[in-house]
Amino acid sequence: MAKAKFGVVVFPGSNCDHDAYHAAKHVLGGQAEFLWHKEGSLQDVDVVILPGGFSYGDYLRCGAISRFSPIMKEVVRHADRGGHVIGICNGFQILTESGLLPGALLRNRSLKFVCRQVHLRVENNTSAFTSRYRQGQVISIPVAHGEGNFYTDQDTLAEIEENGQVAFRYVEADGSLTDAANPNGSLNNIAGIFNKEGNVLGMMPHPERVVEQLLGSDDGLGVFESLLLAISGEEPVLS
Amino acid sequence: MHTEPTVTIEIARELGLTDEEYQMVLDYLGRTPSYTELGMYSVMWSEHCSYKNSIAVLKTLPRSGGRLLVGAGEENAGLVDIGDGLAVAFKIESHNHPSAIEPFQGAATGVGGILRDIFTMGARPIAACDSLRFGDPDNPRVQYLVKGVVHGIGHYGNCFGVPTVAGEIYFDSSYQGNPLVNAMAVGIVKHGQTATATAEGEGNPVMIVGSSTGRDGIHGATFASVDLSADSESKRPSVQVGDPFTEKLLLEATLEIIREDLIVGIQDMGAAGITCSTCEMSAKGKSGMHINLDLVPIREEGMSAYEILLSESQERMLVVAKKGNEQRVRDIFEKWDLHAVTIGHVTGDGMVTVERDGEVKAVVPADSLALGGGAPVYIRETRRPDYLDTTLAFRIESVPVPADFGGVLVSLLSSPNIASKRWAYEQYDTSVRTNTAQGPGGDAAVIRVKDTRRALAIKTDCNGRYVYLNPRRGAQIAVAEAARNVACAGGLPLAITNCLNFGNPYKPEVYYQFKEACGGMGEACLVFDTPVTGGNVSFYNENPVGAVYPTPVIGMIGLIDDIDHITQAGFRAADDRVILLGTNRNEIDGSEYLAHWHDIVGGDAPYLDLEEERRLQALLLDAIRKGLVHSAHDVSDGGLAVTLAESCFIGDRNIGATIQIAHDGVRKDALYFGEAQSRVVLSCAPDKAEELLALAKAAGVPAADIGVTGGDRLRINEDIDVEVALISEAHSTSLSKLLEKV
């Protein structure tokens, strides 16, 4: 089977598009393409990455305009067919705006942008995005956002929890769940969630920024390696 | 149609021209200028655009040599070769006055302006830094300014997608009412893909690209060229409004047209907008331009020629395309949803001719307006300030030696100038673009260069108090310390950019500070072989009480030739030896300890010998490249004890140390908290200590094994014994507590 092909969607204000591309292609040795938001084709990619950034400046609600981009129709179709989609930071916001994931990302409770290294606990390692992590593993990964405060109504929250849709939670270095470990006020310290079917992941932290020890940590590699494994059944050979 | 007022000498004065300057205009033109023309002269001959009171002194700085590809003043930013067919474009600029009035937009547009300077060179910005100065942090207005400025910097840089990785924040009452906001940007470009700010080739189309033009920022440059006063609040409309999203689009479109070789030249529109870009590009190309303002996309109805020419609306560029490429340029900008409109063409007559409403509104010789051309040049009177007699009279014997050195250390670590600036830099995206090998909090930021083995060390530095106490040596220290920080990270200093923040140049004492500081800076740059690639002068940093500390901020770039040589400031392992390079001296002059603990701003600037400093840095780099060094942190604000404390907690984890240092006749407070220069604290594996000490001896650098790392406490002689976790907490949270208290 051919190597998994990653497609990085480029909205005009995407600014983590190069980072996701670099991680998928140069570090992981996968195939990667940029997908311009005005285009109507996904070029047969296996995984769609909605990267971080400020897709349309985010002067309105984050992600509120990008969901109307021509390419988003294709992304929704891809997801509906069971294709894999990962939205990181602004990409997570776009996924909730377009209805592929439940909930919304509100302004951080500090009302400030926050960029720092946080600890995440892997809550469900049975997915295509997390199989390379151990259940309960604590990883170190940066957040960089002003609006990452995950919110939803109580019924939906209960449903997300029951279905095992929580992918990652903000925790202390020892894995304990505290309010102090929560950088933005997210309900239940939620940092990332899957859709019900498990083929769509949205997360505020940036796995693509921690794939090389030179930059301090490679704890984010697991997300990309898991996808490679899920799609092409290959054990990645790191370049 | 707009009726323009008839020009008189009174109107010229109102626009900020002196009588002599008005006479120069009459002489250049051989007639009375139109109101529009007068406006163009007024803004181009403002201090901000013409450097009229500084250029003669700036020309004495070393501006060539080393790896310089483009020197000071030749282009929008300097350009330095880093090997592998790559070059670095970098520059620093001030946005002080706008930030004093409207901190959020003032700081944001400062970042936007410097980023444009970098990508007009064809370079993609890879890092930003910000050097900030504010008044007393207890003051509510100061807190408002700090929060607004930091928010504005984050807002612009985060959205644009450049990591903000280094900088400084100092607080001192001299900056009350007149904060300093200096923004620096660094970009990377391949050799042969750089763009130039010139207009050549008669008939080539002149295009305006990016945002439309509004009434914002008219006479911003003039506003930047006078003292702030009680009336300054009314100048709020002179502050521009930034749109980082549009800037991101402008970046991508600009890099595309440069890459496709569609253009002759390009210049960013910053101060003085269309006026400045048309005149400077024409003057540089020894050409001219004919432009029709009716074609400029405008945001508001009824704008006059004067307003369009002087508008400082952000996120715009002037492009001279190669004839026949207009459509391709338009297509690229359209892809990014931006305007690209032809507004005129290049001529060969040396004149900038401006039409509006079917009338010619201005015909001026391009060269007469531009810096280096016809703009006035002044050398002002200097006088040694009287305060120096008082400050130099300070003697260490006049203050008591404190009893509790541990208490002083904790107090210094929690003081606003030494405390961690985490509260600010956590609001900046520091890791976007995945190149940040070392972010804020260490000695210098380190940015790796993808597809190579290289990395850049980036640092801004200036201790304004030192420069106040001794302008010449203070400026030398700013360069020396920036270079030392770069060397501590494993980098060879390559070049500097400078942002010279001073008071009103018409005050002889201020001009003395300016001239002396430039002299000292030049001397230091020669010793470290770091030419000045350009920068910015900001005069008139005054408030009703007086001038700010003279603050010549140095932005330095260093090259780490192999990523294996990247060196951290914090201790890495237990049982490492701790080595002190350099000599402790019996002085507390100009120190944070003297200011913070004894409330005295006095003495000389700390000891510095440039040759000794050069030897130290050469040795340090040699040792790092030989793989002998685990960590390196320079001794600066707060002295040796603060450096040791920081070494314990700014690494990946807290590591204590037990230190024994000989007094050697040095008073204990001077030993622990004095700020004599040319000292570095290293750690190394125990089996490397001997080799390191021998290497230092051979290089003529004093070096001593002063202790060992390990445990969870920092112990220094019998005088200091503190828990690392506690001092780390104090250092890391005190600024946030100070600024966030309700």
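Values in this text are rule-based calculations from the coordinates and carry no lab data. Please read these numbers as outputs of a predicted model, since none were measured by experiment. Every residue, glycine among them, receives a Cβ derived from its backbone with ideal geometry; neighbour counts consider all protein chains shown.
The table that follows gives values for the structure above.
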| item | result |
| --- | --- |
| Amide N of the range B:126-156 lying under 13 Å from the label point, which is placed 7 angstrom from the Cα of residue B:741 along Cα→Cβ | B:137-140 |
| Dipole moment magnitude, nearest 20 debye, chain B about Cα centre, only Lys, Arg, Asp, Glu C-beta charged | 980 |
| Size descriptor, Kirkwood hydrodynamic radius, that averages inverse alpha-carbon separations across the range A:5-232, Å | 17.0 |
| Whole-angstrom gap from the range A:23-80 to the range B:629-704, using each part's C-alpha centre | 50 |
| Lys, Arg +1 and Asp, Glu -1 on Cβ, resulting dipole of the range B:334-488 about Cα centre, debye, nearest 20 | 740 |
| Unit charges on C-beta of K, R, D, E only; dipole of the range A:5-232, Debye | 320 |
| Relative contact order, percent, the range A:90-231 [alpha-carbon distance under 8 Å, six or more residues apart] | 29 |
| Label-point gap, in nm, between residue B:545 and residue B:729 - each point 7 angstrom along Cα→Cβ | 3.4 |
| Calculated FRET efficiency for the pair residue B:625/residue B:705, C-beta based, R₀ 22 Å, to 0.05 | 0.55 |
| Rounded to 5, the percent of DSSP beta bridges in the protein assembly as shown classed as antiparallel | 75 |
| Estimated [θ] at 222 nm from DSSP helical runs (n ≥ 4, -39500 (n - 2.57)) normalised by residues in the protein assembly as shown, nearest 500 | -9500 deg cm²/dmol |
| Among A:139, A:65, A:49 - extreme Cα towards positive end, dipole of the range A:5-232, charges at beta-carbon | A:65 |
| Cα coordinate range in the range B:1-107, projected on the principal axes (Å, largest first) | 58, 38, 30 |
| Extended-chain gain in nm, criterion 0.36 nm per residue less alpha-carbon gap, residue A:73 and residue A:153 | 26.2 nm |
| Cα long-axis angle, helix B:724-740 against chain B (0 to 90 degrees, to the nearest 10) | 30 |
| Backbone N within the range B:487-526 under 15 Å of label point (7 Å from residue B:383 Cα along the Cβ vector) | B:504-513 |
| Local electrostatic count at residue B:376 - Lys and Arg +1, Asp and Glu -1, tallied over other residues with Cβ under 11 Å | -2 |
| Distance (nanometres) between label positions extended 7 Å along Cα→Cβ at residue B:718 and residue B:27 | 7.6 |
| Positive minus negative residues near residue B:292 (Lys, Arg vs Asp, Glu; Cβ under 12 Å) | -2 |
| For chain B, with +1 on Lys and Arg beta carbons and -1 on Asp and Glu, the positive-most of B:510, B:375, B:711 along the dipole | B:711 |
| Rounded to 10°, Cα long-axis angle of helix B:508-528 versus longest principal axis of chain B | 70 |
| Angle between chain B longest axis and helix B:610-625 axis [Cα atoms, degrees, rounded to 10] | 80 |
| For B:560, B:188, order by how many other beta-carbon atoms lie within 10 Å, fewest first | B:188, B:560 |
| Among B:214, B:493, B:23 the positive-end extreme of the charge dipole of chain B (Cβ point charges) | B:493 |
| Kyte-Doolittle mean at least -0.5 and Cα axial length at least 15 Å: DSSP H helices in chain A | A:70-80, A:221-232 |
| Residues B:190, A:5, B:361, sorted so that the one with the fewest Cβ neighbours within 10 Å comes first | B:190, A:5, B:361 |
| Whole-number percent relative contact order across chain B, with pairs defined as alpha carbons under 8 Å at least 6 apart | 15 |
| Calculated FRET value between residue B:687 and residue A:179, using beta carbons and R₀ = 41 Å, to 0.05 | 0.35 |
| Mean Cβ neighbour count within 10 Å, used as a protection proxy, ranking B:590-602, B:25-37 highest first | B:590-602, B:25-37 |
| Phi-based couplings in Hz for the range A:123-134 (Karplus 6.51, -1.76, 1.60; Gly and Pro marked x) | 8, 8, 9, 8, 8, 5, 9, 10, 5, 7, 9, 7 |
| Inter-probe distance in nm under a simple model that places probes 7 Å from Cα toward Cβ, at residue B:694 and residue B:392 | 4.6 |
